[in-house]
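Engineer: Take this structure first; my questions come after.
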Amino acid sequence: MSDITSGTSDDLTSRLTHPRWTRSNHYDVRWTIENQMGPHALWLLEWLAPALGLENLRPGARVLDLGCGRAMTSVFLAKEYDVQVTAADLWVRADENAVRVAEAGVADRVLPVYAEAHDLPFGEGTFDAIVSVDAYQYFGTNDLYLPTLTRLLKPGGRIGIVVPALREEPAGDEPPAHLKEYWEKDPGFWAFHSPAWWRRLWTRGGAAVETADWLEDGWRDWLLWSEVCAAESPSEFMADMARWSVDLMHADVEHVLGFARVVGRRK
C-alpha cells in the first residue's frame, strides 16, 4: 500500500472513524485490518501516548516497540511522534516487517528486529521510552521481569503498556462465573489482570508508577473492531480469532473485560 494515510471513502471507513482516536482515523482502514493481530493496536497506542508523554520526546528519541506484531504501532510511532523505533517481535519475522515499514515510508526511522522478550539484545540505557501494546501480558507477569526491562531505559525514561485486562481481580481462585468456560478453554486468560494488580507488580519491580487505569467502555471498541475484522480480514485465521472475540464480548454480560494502561518511570 503506497499511502497508508490515504483513507477510503466507503462505509467501512465511516464505521471505524472514532471520535476518541483522531490520529488513528488518518490511517487506511484496509491497512489496519490486513495487519491486525488482535484488538485495534493504533487505538490502544493513541490512548497510551499522552500518559507516556510521547509528544514530549525529542525528535529522533529512541523507542523500543516490544511485541510490535506486524509493526503497525512502530509505523504509527515514527509518523506521529518523529522518533526512532526499534520494532521487536518474536512471532513476525523482521524481514517481513521491513517490507511493511518500507511501504509505509518510514524505513529510515523503524528498525525491525527478531527478538524474544527475555533475551533482548540491547544495552543498558539504550532507550528513551519503551512501548508495548497487546503483548506484555504474554511475557511480563513474572515478578522478576520488569527490572530486566527497565534497565534498557535511560534514567528517567518511561515504559508504557496497554494490555487486555479485568476491571477488578476475581475473588479467590475462580474466574468470573459468566466467563468460566473461556478460562477453561484457554488458561492464558489468567494473564489478564486489573490496573491495581499491575500497579502493585510494577511498584514491587522498582518502577515509579505514574499511571495504572482502565479504558472506560473499552469493551465497545474491542467488540466493534472484532466485528469488522471477522467480516473483512483477508486472513481466515485472523477472521476466526475475531469471531471468537465477538463471542467473548457478547458473553461478557457484566463487562469485566477491557484494557488497562500502565506507565512507569525508571528511577
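The values are calculated or read from the model by the stated rules, or taken from the named source; none is laboratory data. Note that the coordinates shown come from a computational prediction; the quantities given were computed from them, not determined experimentally. No Cβ is skipped: glycine too gets one built from the backbone with ideal geometry, and neighbour counts run over all protein chains shown. Side chains are part of the model used for accessible areas, which takes the heavy atoms of the whole protein and leaves out ligands, DNA and RNA. Shrake-Rupley method; radii C 1.70, N 1.55, O 1.52, S 1.80 Å.
Engineer: Tell me the residue from Val106, Val92 that is farther than 22 Å from Ala49 by Cβ, touching a Lys or Arg at 6+ places or on another chain (Cβ under 7 Å) and part of a loop (DSSP other than H, G, I, E, B), please.
Structural biologist: It is Val92.
Engineer: Another question, if that's okay. Quick one: in segment 229-267, which of the residues that are touching a Ser or Thr at 6+ places or on another chain (Cβ under 8 Å) and of a type in the set (Val, Ile, Thr) is farthest from Gly156 (Cα to Cα)?
Structural biologist: Only one residue tops the list, namely Val246.
Engineer: So the check is Cβ under 6 Å with 6+ separation or different chains; which pairs have a first residue in segment 192-209 that's farther than 15 Å from Arg158 by Cβ and a second one that's in a loop (DSSP other than H, G, I, E, B) and open to solvent by 20 Å² or more (accessible area, probe 1.4 Å)?
Structural biologist: Ser194/Glu168; Ser194/Glu169; Trp197/Glu169
Engineer: Another question about this same structure. Picking from Ala129, Ala117, which residue would you name as being under 21 Å from the mean Cα position of the chain (by Cα) and surrounded by fewer than 20 Cβ atoms within 10 Å (Cβ to Cβ)?
Structural biologist: Ala117
Engineer: Another one. Across segment 169-215, what is the total count of residues that are surrounded by fewer than 15 Cβ atoms within 10 Å (Cβ to Cβ), small (Gly, Ala, Ser) and in a helix (DSSP H, G or I)?
Structural biologist: 2
Engineer: Is at least one residue of segment 45-67 of a type in the set (Gly, Ala, Ser), outside any strand (DSSP E or B), surrounded by fewer than 24 Cβ atoms within 10 Å (Cβ to Cβ) and in contact with a Ser or Thr (Cβ under 9 Å, 6 or more places away or on another chain)?
Structural biologist: yes
Engineer: Here's a follow-up. Which numbered condition in (1) buried (at least 21 other Cβ atoms within 10 Å of the Cβ); (2) in contact with a Pro (Cβ under 7 Å, 6 or more places away or on another chain) is the only one that Pro112 fails?
Structural biologist: Single failed check for Pro112: (2).
Engineer: Which one of these is at pLDDT below 95 and either under 19 Å from the mean Cα position of the chain (by Cα) or farther than 28 Å from Lys267 by Cα (or both): Gly172, Gly160?
Structural biologist: Gly172
Engineer: Using beta carbons and a limit of 8 Å, which pairs, at least six apart or on different chains, have the first residue in segment 11-37 and farther than 16 Å from Val92 by Cβ and open to solvent by less than 70 Å² (accessible area, probe 1.4 Å) and the second one of a type in the set (Lys, Arg) and assigned to a helix (DSSP H, G or I)?
Structural biologist: Listed pairs, sorted by first residue: Leu12/Arg30.
Engineer: If only one of Leu77, Leu57, Leu42 is touching a residue at least 60 places away in the same chain (Cβ under 8 Å) and not aromatic (Phe, Trp, Tyr), which one is it?
Structural biologist: Being touching a residue at least 60 places away in the same chain (Cβ under 8 Å) and not aromatic (Phe, Trp, Tyr) holds for just one of Leu77, Leu57, Leu42, which is Leu57.
Engineer: Moving to a separate point now. Looking at (1) surrounded by fewer than 16 Cβ atoms within 10 Å (Cβ to Cβ); (2) under 26 Å from Gly53 (Cα atoms); (3) out of contact with any strand residue (DSSP E or B) (no Cβ under 9 Å at 6 or more places or on another chain), which one does Gly156 not meet, given that it meets all the others?
Structural biologist: (3)
Engineer: Got a number for residues in segment 221-264 being surrounded by 20 or more Cβ atoms within 10 Å (Cβ to Cβ), of a type in the set (D, E, K, R) and not in a helix (DSSP H, G or I)?
Structural biologist: Within segment 221-264, residues that are surrounded by 20 or more Cβ atoms within 10 Å (Cβ to Cβ), of a type in the set (D, E, K, R) and not in a helix (DSSP H, G or I) number 1.
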